[in-house]
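These notes are about the structure you will find just below.
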Amino acid sequence: MEQVRGLLELLRPGNAVAAGGLTFIGAFVAGGLGAPLPTAFAVLATVLATGGGNAINDYFDREIDAINQPDRPIPRGAVSPRGALVYSITLFAVAVALTLLLPWLAIAIAVVNLVALVAYTEVFKGLPGVGNALVAYLTGSTFLFGGAAVDGQLGPVLTLFGLAAAATMAREIVKDVEDVAGDREEGLRTLPIAIGERQSLLVAAAFVVAAVLASPAPYLLGTFGLPYLVALAPALVVMLVATYRSFESPTTGQSWLKASMFAAAIAFVVGRAAVVL
């Protein structure tokens with residue numbers, strides 16, 4: 001039972017299911033509910049691939065976790081390093097099998113994401129800003145993957161991708177500001193350590209402003225109507241307030257940025273639902 005519990009923890013089901021939810025939103029925004037089977041394949045593939053990425057990150061981080069987070073499955077002995085690696089490969093393999101049932105663009109996105117997930121910890125995580133950008137891309141790409149899976153209208157999904165990626169980039173930078181003391185002690189070179197905390201927060205703010213300015217595009221292009229703007233407005237207000245709060249309290253700011261991103265995604269659902277209905 002301890003091993004089963006450890007494998008479940010490696011998956012990080014809350015995180016994985018949330019990623020699957022973003023893929024579902026992308027599929028709905030692109031095509032409504034007209035392709036239930038490809039949508040289901042894409043959502044399940046996202047959940048499994050995210051779980052595989054979480055597991056392999058724990059595999060690569062096992063020595064650091066033994067010091068900083070000894071209660072994680074590998075350091076505490078619930079799952080062996082080899083077991084975690086095999087588990088991750090199995091999750092990736094099933095995700096790939098499901099993805100091969102989807103259109104070519106979805107397959108291409110999945111291949112890029114798979115390489116990025118595997119390379120993140122060992123190659124990109126320690127590079128100032130690069131690791132943040134990769135996480136931002138991966139978050140936004142879940143929407144793209146869902147839209148490509150149903151071979152739907154990708155215009156609004158591209159806007160959603162950009163909004164989610166920019167908001168996630170800002171949040172990841174703010175999180176690094178929050179963790180700067182511990183990261184410096186561990187010898188990591190995050191963006192705040194490289195260029196300073198205030199300068200990093202200004203970079204995060206620039207990403208948020210870009211996202212806010214681009215977000216009305218589906219309305220201006222006539223893709224979505226007024227319900228989209230009405231639902232979007234509160235999310236943008238929270239996003240801007242969160243950015244301002246980040247300069248005083250990075251912990252509060254990054255939490256609000258995450259909430260505002262999900263709220264903005266719901267606005268896209270409202271916009272598509274208004275068109276379909």
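The values are calculated or read from the model by the stated rules, or taken from the named source; none is laboratory data. Keep in mind that what you see is a predicted model, and the values were worked out from it rather than measured. Every residue, glycine as well, gets a Cβ built from its backbone with ideal geometry; the counts of neighbours run over all protein chains shown.
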- Item | Tally, over segment 254-271, of residues that are β-branched (Val, Ile, Thr) and within 12 Å of Ser215 (Cα to Cα) | 0
- Filter segment 96-124 down to the residues that are over 17 Å from Gly52 (Cα atoms) and under 17 Å from the mean Cα position of the chain (by Cα), then identify the one that is surrounded by the most Cβ atoms within 10 Å (Cβ to Cβ). Ala106
- For Ala181, which of the numbered conditions (1) in contact (Cβ under 8 Å) with a residue 40 or more places away in the chain; (2) more than 25 Å from Gly53 (Cβ to Cβ) fails to hold? (1)
- Message: I'd like to verify a number: residues in segment 21-49 that are in contact with a Leu (Cβ under 8 Å, 6 or more places away or on another chain), within 17 Å of Leu138 (Cβ to Cβ) and free of Cβ contacts under 8 Å to residues at least 60 places away in the same chain, how many?
- Response: 1
- Note on the structure: Within segment 64-95, of all residues that are touching a helix residue (DSSP H, G or I) at 6+ places or on another chain (Cβ under 7 Å) and under 30 Å from Ala27 (Cβ atoms), the one surrounded by the fewest Cβ atoms within 10 Å (Cβ to Cβ) is Val94
- Task: Return the only residue of Leu202, Leu229, Leu240, Leu213 being without any contact (Cβ under 8 Å) to a residue 60 or more places away in the chain, touching a Pro at 6+ places or on another chain (Cβ under 8 Å) and not hydroxyl-bearing (Ser, Thr, Tyr).
- Result: Leu229
- Can you tell me which of Ala217, Ala231, Ala164, Ala235 is among the aliphatic types (A, V, I, L, M) and surrounded by fewer than 20 Cβ atoms within 10 Å (Cβ to Cβ)? Ala217
- Cβ-Cβ below 9 Å, separation at least six or inter-chain, first residue in segment 68-79 and β-branched (Val, Ile, Thr), second part of a loop (DSSP other than H, G, I, E, B): which pairs? Ile74/Asp61; Ile74/Ser80; Val79/Pro73
- May I ask you to list pairs of residues, at least six apart or on different chains, whose Cβ atoms are under 7 Å apart, with the first in segment 1-14 being surrounded by fewer than 18 Cβ atoms within 10 Å (Cβ to Cβ) and the second being small (Gly, Ala, Ser)? Glu2/Ala78; Gln3/Ala78; Arg5/Ala78
- Message: Looking at segment 62-71, can you tell me whether even one residue there is basic (Lys, Arg) and modelled with pLDDT under 90?
- Response: yes
- Filtering segment 184-220 down to residues that are out of contact with any Leu (no Cβ under 6 Å at 6 or more places or on another chain) and polar (S, T, N, Q), which residue is nearest to Ala233 (Cα to Cα)? Gln199
